[in-house]
1. Between residues in the range A:125-142 that are more than 10 Å from chain B (Cβ to nearest Cβ) and within 19 Å of A:PHE178 (Cα to Cα) and residues that are assigned to a loop (DSSP other than H, G, I, E, B) and of a type in the set (Gly, Ala, Ser), which pairs lie under 9 Å by C-beta distance while being six or more apart or on different chains?
2. (1) over 15 Å from the mean Cα position of the chain (by Cα); (2) within 14 Å of chain B (Cβ to nearest Cβ): which one isn't true of A:VAL106, the others all being true?
3. Run down A:VAL92, A:VAL82 and say which single residue is farther than 24 Å from A:SER165 by Cβ and touching a Lys or Arg at 6+ places or on another chain (Cβ under 6 Å).
4. Quick check: is even one residue across the range A:21-32 touching a Lys or Arg at 6+ places or on another chain (Cβ under 9 Å) and either within 14 Å of chain B (Cβ to nearest Cβ) or modelled with pLDDT of 95 or more (or both)?
5. Which one is surrounded by the most Cβ atoms within 10 Å (Cβ to Cβ) among residues in the range B:127-169 that are in a strand (DSSP E or B) and among the polar types (S, T, N, Q)?
6. Kindly evaluate C:THR72 against the criterion of being hydroxyl-bearing (Ser, Thr, Tyr), in contact with a Ser or Thr (Cβ under 6 Å, 6 or more places away or on another chain) and closer than 20 Å to B:LEU184 by Cβ.
7. Restricting attention to the range C:143-173, which residues are at the interface with another protein chain (Cβ under 7 Å from one of its Cβ atoms) and touching an Asp or Glu at 6+ places or on another chain (Cβ under 8 Å)?
8. Could you tell me how many of the residues in the range C:82-102 are within 14 Å of the chain's Cα centre (by Cα) and of a type in the set (S, T, N, Q)?
Amino acid sequence: MSSSTAKAARRKRLPALQSHERQSAKTRSLKSAIFFSAAVLTVSDSCARGERVDLSGPAVARALKEAGFRVTASKVVPDDSVQIQNALIHLVAGARLVVTTGGTGVAPRDVTPEATRAVCDRVLDGVAERMRIEGAKKTQFAALSRGVCGVRGISLILNLPGSPSGAVESLRAVVGLFPHALDLLEGKTEHS
Amino acid sequence: MSSSTAKAARRKRLPALQSHERQSAKTRSLKSAIFFSAAVLTVSDSCARGERVDLSGPAVARALKEAGFRVTASKVVPDDSVQIQNALIHLVAGARLVVTTGGTGVAPRDVTPEATRAVCDRVLDGVAERMRIEGAKKTQFAALSRGVCGVRGISLILNLPGSPSGAVESLRAVVGLFPHALDLLEGKTEHS
Amino acid sequence: MSSSTAKAARRKRLPALQSHERQSAKTRSLKSAIFFSAAVLTVSDSCARGERVDLSGPAVARALKEAGFRVTASKVVPDDSVQIQNALIHLVAGARLVVTTGGTGVAPRDVTPEATRAVCDRVLDGVAERMRIEGAKKTQFAALSRGVCGVRGISLILNLPGSPSGAVESLRAVVGLFPHALDLLEGKTEHS
């Protein structure tokens, strides 16, 4: 291929560049996400006791980075409502998005959603709904997930399930919403 | 026209007549909706201050009329919970369906859903869910809408987003439910 | 055995064996469901007064048996919140799954969801959501159903609509979740 042909071919690739300019909401989210800090909270008795290696927390952190967030902190706590609430309050002070993994099921020790509601100003029902609807495409048991998404101050808190794959898939179903939601929480809005 | 041609023409018309007879739930709703009054409440700081022309309220009123409702009142209030609650209570006194537009997002000034819950006897989660699910076909950000639908006495209150197109599309996703729901609220039910 | 006899035997046996091997989540649920007891509560003024034959309760009981549950009790109460709550508390004492039919609509006498919430420790939003989403495939009015699913102790309570067909269809949309959920409620979980 001659140099000029290669150039022409490259020129043909331009529509790709143009489609980059007519960039999708997803792409825009990715770009603005880099301005937002995120923290990960693993909620698990066995991880907190050191009896099990936390795979979910690191998997969620990687998925957040892939989505363009700066992961600035991570923590592990047992399935204890007070400890979860304290950790959420602490992490929200330093991050615009705090993502938990674990404790969202129907077992008696699953208390993450209640602890999250306790520290949130408002709950965004549509975000949890979207995770369950997307999850239902893989397993009917997504309907049993009780995870919530809420607002505390100008930060968001999101509950994900405890398994690494479940956590990452649930996060991916909704992470594209957060840069826009975080902008709105700061009062950046085109209409008032 | 010969008798046989007339017959053929009639035969051609019949499917239309038959489909009219096997009329869809949507058509039936439209017919019964004309017996119901509706009011529109625009919730917007800038419209209330007169700094912006209210396009959403009139757009919602038109969509309600198209769906067969008699629009008997409309009002504009700022994003203030007490003023929203007072307006809802006032409008419900004169209309079976009160539709709000604005204040359903995640920004700090968005308080319409909380004000609506405060004046409702019950909330119909499935109606807001249906608006979000339909909305998700156009934009993922429908998941961030916090609008609710509730019952106050024998009236319904529905929260729609603030943009004219978002408001009208959300309304259309659920307006067909209301004539039946309003009948039930009056105690008109085939089973007891 | 001649080749043709073997073929006939295989023909007879194979479909069963193969479908057993490719056993779906539904089949697996069915197997574990036989360990769980269930009770049915019909909520209806007219049935409680003996003015109407209860068709929904028996239809729900049959559907539960088909799903592998042992139906150990059934009861009829009027649309009265205190009587519903007392019946739920009583039935939960003897059954792991209590299914109600009736009183989930928007009419003023429909109080089953409120009575259910009052006796539940937690509500599983995703289960009601799943019933509404499945129901919407048949009728838009599924969005008006206010039925909930909640946890009381180690038992589940599920609200179904009042019509026999609506009740059975809603039950079938979610019954496959319950054996797993009931295992989790007993603390049977692969992760902790």
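The values are calculated or read from the model by the stated rules, or taken from the named source; none is laboratory data. Keep in mind it's a predicted model, so treat the numbers as computed, not measured. Virtual Cβ from ideal backbone geometry, glycine too; neighbours counted across all protein chains shown.
1. Final answer for the pair search is A:ARG132/A:SER145; A:ARG132/A:GLY147; A:GLY135/A:SER145.
2. (2)
3. A:VAL92
4. No: zero hits.
5. The qualifying residue surrounded by the most Cβ atoms within 10 Å (Cβ to Cβ) is B:ASN159.
6. no
7. Result: C:ALA143, C:ARG146, C:VAL151.
8. The number of residues fulfilling the criteria is 2.
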